[in-house]
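Only the coordinates and a few stated rules stand behind these numbers; no lab work does. The structure displayed is predicted, hence computed values, not measured ones. Because the Cβ atoms are built from the backbone with ideal geometry, glycine has one as well, and the counts that use them run over all protein chains shown.
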Amino acid sequence: MRDETEPMEGAPLIAPSTTDHPLHEPVVEACRSVFDPEIPVNIYDLGLVYTIRIGAENDVSVVMTLTAPGCPVAGEMPGWVADAVSSVPGVKTVDVDLTWEPPWGMEMMSDEARLELGFM
């Protein structure tokens, strides 16, 4: 019998975002306004934001990670993201969850982030 806490076989480790909602792009831009203090690239392009879900009542849920569990701002960054997203006009509530699965890797960075950091 399958453990209900384990993802189903073939299920993506990162849940899909609500990309068809009118608030999706403004929420992404809000996430891009938050930077990891140790890396000169925003958290969205770094690939730290895994999922942005937006409900029918404009309730936003963000699932994100950090570059490493020992990140010095681990306790603060989810609040920075919540503050940035809650400032988007039309957003009703914001919930930010920190996850370590899957672990962040450099392959999650956007091409822009790779270029900025000299990896391209």
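Across segment 39-93, the number of residues qualifying as assigned to a loop (DSSP other than H, G, I, E, B) and either charged (D, E, K, R) or more than 22 Å from residue 107 (Cβ to Cβ) (or both) comes to 14. Report, by residue number, each residue of segment 91-120 that is over 19 Å from residue 38 (Cβ atoms) and either in contact with a Phe, Trp or Tyr (Cβ under 6 Å, 6 or more places away or on another chain) or surrounded by 12 or more Cβ atoms within 10 Å (Cβ to Cβ) (or both). Once the filter is applied, which keeps residues that are over 19 Å from residue 38 (Cβ atoms) and either in contact with a Phe, Trp or Tyr (Cβ under 6 Å, 6 or more places away or on another chain) or surrounded by 12 or more Cβ atoms within 10 Å (Cβ to Cβ) (or both), segment 91-120 yields 91, 92, 93, 94, 95, 96, 97, 99, 102.
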